[in-house]
Amino acid sequence: MSVMRAQALAEAAQRIGRREARELMQHACRCTHAELIAHGDALLAPEEAAAYAELVACRVGGAPLAYLLGSAWFAGREFAVTPAVLIPRPDTEVLVEQGLAAVAGKAAPRIVDLGTGSGIVAVTLALARPDAVVSAVDVSPAALAVAQANAARHGAAVRFLLGDWFAPLGGERFDLIVSNPPYVAAGDPHLARDGLPFEPDLALTDGVPGGDGMSCVAHLVAYAARHLVAGGAVRIEHGYDQAVKTRALLHAAGYAQVASWRDAAGIERVSGGLWLGTSA
Ligand code: GLN
């Protein structure tokens with residue numbers, strides 16, 4: 001028995017809300033919003049109906065919409081996402097903004113994004129600063145493939161390197177190091193909510209039992225100076241309650257102009273400093 005798009009949509013909307021039901025319908029039928037409105041009375045092909053039922057069931061089961069659609073928006077652009085990468089958060093826009101501010105006065109800055117995931121930060125930086133030389137590192141080959149596809153999709157020139165944090169960088173130095181590392185503490189109940197169980201643990205938590213989630217942030221602070229030119233900046237995203245600790249690490253490591261910046265929700269979300277190149 002065939003069913004009309006509009007009818008299937010109305011039924012799904014009762015379970016997952018109208019907007020998501022529509023986005024999944026467009027995905028299942030490979031049509032635009034306008035086509036859906038114009039042809040709401042079209043009958044779903046059996047394979048479309050099956051695909052839609054499956055998508056709606058997964059969403060009801062808690063799978064994040066972005067994974068079901070295979071894409072998500074960040075800073076005004078659409079990026080491919082798979083379960084190998086974290087879904088872009090608007091919180092991360094402040095990392096990009098403050099990264100750009102840190103190299104605003106420099107021509108052709110050398111930038112590296114560590115733990116690039118889907119590549120949203122590296123790609124957005126490269127597009128905002130076409131003169132920059134942007135590199136991006138990730139330890140996950142599957143994540144790097146997504147990031148590479150996103151760079152190609154947006155025509156961003158980014159050099160991708162597979163490896164653990166600074167390992168693939170050799171002795172290279174940069175004007176700017178940015179990172180959105182895993183920072184959720186291993187025991188944080190948040191990991192069991194809001195779709196996080198569907199996201200890669202590798203991107204969310206350092207996994208240190210009983211830890212505070214700061215081990216990757218601490219590693220980045222400790223080693224960044226060896227990869228910064230004199231006057232180079234580091235900008236690291238962290239958890240809502242980690243700004244004070246991150247600033248303390250930056251001060252202790254000898255960075256100047258240590259500061260934190262708030263995300264759109266008003267939470268101190270990114271901290272960083274300037275390496276003056278006086279030691280290490
Ligand atoms: N901000 C994300 C969250 O709390 C975590 C991102 C990360 O660990 N880098 O859901």
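Values quoted throughout were computed directly from the atomic coordinates according to the rules given, and no laboratory measurement underlies them. Since the structure is predicted, the reported quantities are computational estimates derived from the model, not experimental observations. With ideal geometry, Cβ positions are generated from the backbone for all residues, glycine too; neighbour counts draw on all protein chains shown.
A few points about this structure:
- Sum of side-chain charges, PRO109 neighbourhood, beta-carbon under 13 Å (Lys, Arg +1; Asp, Glu -1): +2
- Here the dipole of the chain is about 580 debye; that uses its Cα centre as origin and unit charges on the Cβ of Lys and Arg (positive) and Asp and Glu (negative).
- Each Cα pair under 8 Å and six or more residues apart adds its separation to the average, and for region 132-270 the resulting relative contact order is 21 percent.
- Applying both filters, DSSP loop and at most 11 other Cβ atoms within 10 Å, to the trypsin sites (Lys or Arg not before Pro) of region 1-93 gives ARG30.
- Of the trypsin sites (Lys or Arg not before Pro) in region 175-237, those whose Cβ has at most 15 other Cβ within 10 Å and which sit in DSSP loop: ARG193
- In order along region 14-24, the Karplus-derived 3J(HN,Hα) couplings, from 6.51 cos²θ - 1.76 cosθ + 1.60 at θ = phi - 60°, round to 5, 9, 10, x, 5, 5, 5, 4, 5, 4, 5 Hz, and Gly and Pro are given as x.
- Region 24-121, relative contact order [Cα under 8 Å, separation at least 6], %: 20 percent
- Within a Gaussian network of the chain (alpha carbon springs, distance under 10 Å), most fluctuating of VAL56, VAL234, VAL270: VAL56
- Sequence-distant residues sharing a close amide H with ARG269 (under 5 Å, placed H): TRP261, ARG262, ASP263
- Anisotropy class of region 83-158 from Cα gyration tensor, a/c 1.5 cut: prolate
- Note, ³J(HN,Hα) from phi for region 227-232, Karplus 6.51, -1.76, 1.60, rounded to Hz, x at Gly and Pro: 10, 10, 6, 4, x, x
- Sequence of VAL178, VAL146 once ranked by neighbouring C-beta atoms within 10 Å, starting from the fewest: VAL146, VAL178
- Couplings for region 135-150, taken from phi via the Karplus curve 6.51 cos²θ - 1.76 cosθ + 1.60 with θ = phi - 60°, read 10, 9, 10, 8, 7, 9, x, 5, 5, 4, 5, 5, 4, 4, 5, 5 Hz in order; Gly and Pro are left as x.
- Across the chain, C-alpha contacts under 8 Å between residues 6 or more apart give a mean separation that, scaled by the residue count, equals a relative contact order of 14 percent.
- Ellipsoid semi-axes for region 1-131, based on the Cα gyration tensor and the rule √(5λ), read 38, 14, 11 Å when sorted largest first.
- Rounded to 5, the percent of DSSP beta bridges in region 62-215 classed as antiparallel: 20 percent
- If you take all other residues with their beta carbon under 13 Å from the beta carbon of ALA185, and give Lys and Arg +1 and Asp and Glu -1, the sum is -4.
- Pairs of alpha carbons in the chain whose separation is greater than 29 Å (percent): 38 percent
- Gap separating the Cα centres of region 96-112 and region 228-280, nearest whole Å: 15 Å
- Exposure proxy shown here: for VAL133, VAL85, VAL158, the number of other Cβ atoms within 10 Å sets the order, fewest to most, as VAL133, VAL158, VAL85.
- The DSSP beta bridges internal to the chain are antiparallel in roughly 45% of cases.
- Two-decimal log10 I(q)/I(0) for region 159-280, as the Debye equation yields it once each C-alpha is a single scatterer, q = 0.15, 0.19 Å⁻¹: -0.70, -1.06
- Residues HIS227, HIS33, HIS39, sorted so that the one with the fewest Cβ neighbours within 10 Å comes first: HIS33, HIS39, HIS227
- Rough spin-label spacing in nm, given labels placed 7 Å along Cα→Cβ, for ALA50 and ALA107: 6.1 nm
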